[in-house]
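Read the figures in this text as sums done on the coordinates, not as results from a lab. This structure is a prediction, so every number in the text was calculated from the model and none was measured. All Cβ positions, even for glycine, are placed from backbone atoms using ideal geometry, and neighbour counts span all protein chains on display.
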Amino acid sequence: MSDFFQHVNKPAETDCDSLVLAVAQGEDGPHLLPCSLSTEMSQELASLLPLLGMSGKVDEVCVSTAPSRLATRTLTFVGLGKHNFGDAQAVRRAAGCVTRTSKAKTLAFDWAITDEGVWQALAEGAGFGAYRYDRYFSKKADRIESVLLPDSEAARKGAKTAEVLVSAANLTRDLVNTPANDLCPADFVEIAKRECEGLPIEIEVWDFARLQKEKCGGLVGVGQGSSRPPYLVKLSYQPQGAKRHAALIGKGITFDSGGISLKPAANMEAMKSDMTGAATVLGATIAAARLEVPQQITTYLALAENLPGGKAQRPSDVITIRNGKTVEILNTDAEGRLVMADALSLACEIKPDVILDVATLTGAQIVALGNRTTGLMGQGGAPEEVFKAAERVGEPAWVMPIPEELKEANASKFADVANSGGRNAGMMVAADFLSNFVDDFPWAHLDIAGPSYNSGKPWGFSAYGGTGVMVRTLVDYLANLK
Ligand code: BES
Ligand code: MN
Ligand code: ZN
């Protein structure tokens with residue numbers, strides 16, 4: 001996607017398929033927001049808005065033919081809601097809505113934006129929205145070939161940063177959308193190796209024998225039910241003069257059937273996305289390295305396939321996690337916390353300044369916060385800092401507690417803890433389980449079960465399937481880590 005954004009002197013006067021114009025929802029009707037067209041032309045186009053049925057509301061897009069005096073063949077009007085170019089979130093979403101729905105090959109944005117951060121948001125939206133996952137279609141999707149932006153320094157710098165974030169998050173989305181027959185733990189390892197090639201990221205891989213030797217009982221226990229074995233991947237990015245060291249951990253269940261505690265058939269196909277945490281921290285690590293974030297980052301991908309094969313673990317099994325704690329398996333479908341427990345224990349061993357983990361951990365996250373808001377939990381101020389980063393980049397998130405009384409829910413009659421603890425507050429009970437494996441380090445746990453995967457209507461820049469959520473939040477958090 002390196003030449004996706006092209007900078008030209010006057011996008012509005014350059015030959016293209018569609019010139020994109022922003023419309024705000026005013027008290028007295030739609031308002032055409034400023035662009036570089038002449039005043040007469042702008043007035044003429046503004047007078048069309050009511051005829052086109054444009055009100056300016058969010059996610060409203062309308063395409064019309066362009067007056068022949070213009071260099072573009074069509075005009076794409078997009079709603080910004082009750083916002084203007086001062087609002088980066090509204091700009092990102094509008095640009096994304098355009099590229100997600102547009103049939104044009106070349107699009108021009110000539111909006112009166114001066115701020116680099118807002119140009120970055122526009123380019124992020126455009127890049128996310130242009131994503132198409134057509135790997136398995138015989139007829140490939142039409143793709144946007146280029147997005148024309150002004151030649152200003154703000155637009156150039158903003159688009160440059162955006163390009164890195166977009167390609168990282170779209171890698172995450174590719175991994176999420178890939179079905180498990182083409183993405184088992186070993187495939188994930190190969191892709192991680194390939195994507196880190198040429199970047200200042202070291203990669204170490206533990207296979208099944210090594211995981212057994214290293215006493216990673218969670219990865220072994222979950223992975224043993226599949227003929228396609230589990231792996232642990234460690235990525236190290238260590239820039240010179242790094243002040244802080246963050247450990248990132250991602251849940252990488254390439255398919256979650258539930259195991260012996262089998263899931264119902266309905267919607268099980270979405271469980272190909274149960275590796276989103278691993279894909280998210282991989283994307284964030286790559287983006288951080290490409291943007292030369294001045295922090296040391298050690299990333300763990302906990303990769304396994306949760307299947308009920310002949311060697312699968314059973315309810316009642318007791319396993320031992322890397323840090324020596326024992327876990328009684330009450331439900332083999334609560335597998336994410338088991339592989340995360342090993343990876344969290346390993347992260348503690350390197351004594352980082354902060355630990356962040358990302359996981360599609362619980363259906364209860366969706367019950368509590370819905371499909372767009374990430375659940376943040378943890379200790380030592382880390383969840384609050386992640387919340388601030390999420391707000392800065394416009395990704396919805398909310399800090400939730402880990403109430404002390406939930407410890408009881410994870411109590412076991414036969415081991416140190418049990419892996420499943422009833423229906424109430426399931427998201428926080430899972431977080432409490434993880435807290436057994438993070439010592440006293442500042443720690444943020446991001447439960448992205450809902451936001452990771454759009455299984456409803458497309459909206460903003462999000463198509464059906466993987467969303468790439470939290471990649472931008474993590475990178476922003478790391479860049480601002482003090
Ligand atoms: N991967 C699921 C959680 C999930 C559910 C993610 C729906 C995305 C959408 C996880 O492994 C799981 O199965 N969790 C169980 C835990 C329970 C058995 C304690 C759940 O949430 O039902
Ligand atoms: Mn599960
Ligand atoms: Zn799972």
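Kindly establish whether Gly277 is within 16 Å of ligand 1 (Cβ to nearest atom), closer than 24 Å to Leu165 by Cβ and in contact with a Phe, Trp or Tyr (Cβ under 7 Å, 6 or more places away or on another chain). Considered against the rule, which asks whether it is within 16 Å of ligand 1 (Cβ to nearest atom), closer than 24 Å to Leu165 by Cβ and in contact with a Phe, Trp or Tyr (Cβ under 7 Å, 6 or more places away or on another chain), Gly277 comes out as no.
Consider the stretch 375-384 and keep the residues that are away from ligand 3 (no atom under 16 Å from the Cβ) and within 27 Å of Leu303 (Cα to Cα). The one that is surrounded by the fewest Cβ atoms within 10 Å (Cβ to Cβ) is Gln379. All of Ile321, Ile253, Ile260, Ile297 fail the test of being hydrophobic (A, V, I, L, M, F, W, C), surrounded by 16 or more Cβ atoms within 10 Å (Cβ to Cβ), within 16 Å of ligand 1 (Cβ to nearest atom) and farther than 22 Å from Asp182 by Cα, apart from Ile260. Only residues that are within 13 Å of ligand 2 (Cβ to nearest atom) and among the hydrophobic types (A, V, I, L, M, F, W, C) were counted across the stretch 253-295, and they come to 8.
Take Ile286 and tell me if it is in contact with a Leu (Cβ under 9 Å, 6 or more places away or on another chain), in contact (Cβ under 8 Å) with a residue 24 or more places away in the chain and under 16 Å from Glu202 (Cα atoms).
Numbers: in contact with a Leu (Cβ under 9 Å, 6 or more places away or on another chain): yes; in contact (Cβ under 8 Å) with a residue 24 or more places away in the chain: yes; under 16 Å from Glu202 (Cα atoms): yes.
Considered against the rule, which asks whether it is in contact with a Leu (Cβ under 9 Å, 6 or more places away or on another chain), in contact (Cβ under 8 Å) with a residue 24 or more places away in the chain and under 16 Å from Glu202 (Cα atoms), Ile286 comes out as yes.
Criterion first (within 22 Å of Ser64 (Cα to Cα) and surrounded by fewer than 19 Cβ atoms within 10 Å (Cβ to Cβ)) does Asp110 satisfy it? No: the conditions fail for Asp110. For the stretch 379-434, the set of residues classified as of a type in the set (Phe, Trp, Tyr), part of a helix (DSSP H, G or I) and either more than 30 Å from Phe128 (Cβ to Cβ) or in contact with a Lys or Arg (Cβ under 8 Å, 6 or more places away or on another chain) (or both) consists of Phe433 only.
Of all residues in the stretch 82-113, exactly one satisfies the criterion of being touching a helix residue (DSSP H, G or I) at 6+ places or on another chain (Cβ under 6 Å) and polar (S, T, N, Q), namely Thr99. Any residue in the stretch 143-166 that is assigned to a helix (DSSP H, G or I) and acidic (Asp, Glu)? Yes, the stretch 143-166 has at least one match. Counting just the residues of the stretch 263-274 that are buried (at least 24 other Cβ atoms within 10 Å of the Cβ) and in a helix (DSSP H, G or I), which one comes out nearest to ligand 1 (Cβ to nearest atom)? For the stretch 263-274, the residue satisfying everything is Ser273. Here's a check for you: in the stretch 229-250, which residue that is in a loop (DSSP other than H, G, I, E, B), of a type outside the set (S, T, N, Q) and surrounded by fewer than 19 Cβ atoms within 10 Å (Cβ to Cβ) is nearest to ligand 1 (Cβ to nearest atom)? So the residue we want is Arg244. Quick one: in the stretch 324-348, which of the residues that are charged (D, E, K, R) and away from ligand 3 (no atom under 16 Å from the Cβ) is surrounded by the most Cβ atoms within 10 Å (Cβ to Cβ)? By that ranking, first place goes to Glu328.
Annotation: of all residues in the stretch 349-364 being within 16 Å of ligand 1 (Cβ to nearest atom) and buried (at least 20 other Cβ atoms within 10 Å of the Cβ), the one that is nearest to Asp440 (Cα to Cα) is Asp357.
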